[in-house]
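Reading through the structure tokens given below for one structure.
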Ligand code: CTP
Ligand code: C5P
């Protein structure tokens, strides 16, 4: 008795719709206030009642929150108004929420009870990212969808490497200010151990979603250390088409770093997985999902080198979700959101 301190259990709750790095950052701060983080996620019915239907269904939202590395436990269908009873039921001392007020349909602060019970703590809301903002970027797509052709001239490419946010018509809309501090806070900060099997995957990972989570979970099972190479905005734009990516490179870095299956991220990876890259990271296996592999600018497969080395593996995530699915969902339901 005495010396062994009881672990502090912390409670967070929310909709976590279109789960983004702002949500992840609030969970990171909450976890730092204790030892064990329990996250209550509201059901579709509850959200519809208070603020309108969510973009993602509850099963998708539960999965996304479970994949965030600071989350120890998810409580499904948590009540919209947080009570001391729910905190007690899960052994949590207090709850944590961002410094913005959340209201019920009746206009009542959803945290008023725990606030007066002295069981409420605040974390800093992440500026420049929200579900509303992301939906806005996607709706912006419909307006100029067929008019705007995004292209990059030779003289401009030098600049793109310096600031990836300036070239894409949509990612330039971002209000988020990326800092090295944020990357540091999100990073696992761990190098591979000697003998670790290194898995490398590359992609856009735009609007990080359940398909990515399913894919990364299986990729992580192929080894001990997962490196995700994120393509530059202009590469994503080349192979995904005129309006992509929705999130710029910096935003995609944080989204991917927040995932528990990811050990390290390459910020702007070459489109082709080169011999240099494989040697540098001592890659044992390169994985790709069942989505189409777009050829490089020279017409070759970006996976030619790992294929040559017998170090390429196709993975079936079992998920049909793509960034395009999300955009289509939002455009189809734009009047409801
Ligand atoms: N949150 C945050 N920074 C953001 C967005 C959300 O810190 N940019 C925090 C909220 O303060 C809350 C938690 O994430 O503590 C869960 O938020 P949620 O209920 O899902 O909704 P919103 O606050 O409405 O987030 P959004 O506007 O992005 O939907
Ligand atoms: O499309 P994107 O580049 O973001 O995909 C990153 C990786 O995730 C790719 O290997 C892709 O095949 C995989 N993926 C998947 N299942 C999905 C969506 C993506 O396996 N539903």
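In table form, for the structure just shown:
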read-out	value
Rounded to 10°, Cα long-axis angle of helix 21-32 versus longest principal axis of the chain	50 degrees
Degrees, to the nearest 10: 323-332 long Cα axis against longest axis of the chain	60 degrees
Value of [θ]222 nm, deg cm²/dmol, for the chain, DSSP H segments ≥ 4, -39500 (n - 2.57) each, nearest 500	-9500 deg cm²/dmol
Mean separation of Cα contacts under 8 Å, 6 or more apart, over the residue count of segment 262-337: relative contact order %	31 percent
Beta bridges per DSSP with both ends in the chain, % antiparallel, nearest 5	5 percent
Value of relative contact order over the chain, rounded to a whole percent, pairs C-alpha under 8 Å and six or more apart	17 percent
Packing-based order for 23-30, 244-251, using average beta carbon neighbours within 10 Å, highest first	244-251, 23-30
Rough spin-label spacing in nm, given labels placed 7 Å along Cα→Cβ, for residue 275 and residue 316	3.5 nm
By average C-beta atoms within 10 angstrom, highest first, the peptides 319-329, 104-114	319-329, 104-114
Likely footprinting exposure, 12, 95, 123, fewest C-beta neighbours within 10 Å first	123, 95, 12
Two-decimal ratio, the chain, of alpha-carbon radius of gyration to 2.2 N^0.38 Å	1.04
Most to least packed among 211-217, 307-313 [average Cβ atoms within 10 Å]	211-217, 307-313
Range of Cα positions in segment 259-337 per principal axis (Å), largest first	50, 33, 25
Ranked 294, 278, criterion: other C-beta atoms within 10 Å, fewest first	294, 278
Segment 38-108 versus segment 220-251: alpha-carbon centroid distance in Å	29 Å
Value of relative contact order over segment 190-337, rounded to a whole percent, pairs C-alpha under 8 Å and six or more apart	28 percent
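Computed from the coordinates by the stated procedures, all read-outs in this text should not be read as laboratory data. The model shown is predicted, which means the values in this text are computed figures rather than measured ones. Cβ atoms come from the backbone with ideal geometry, glycine included; neighbour counts cover every protein chain shown.
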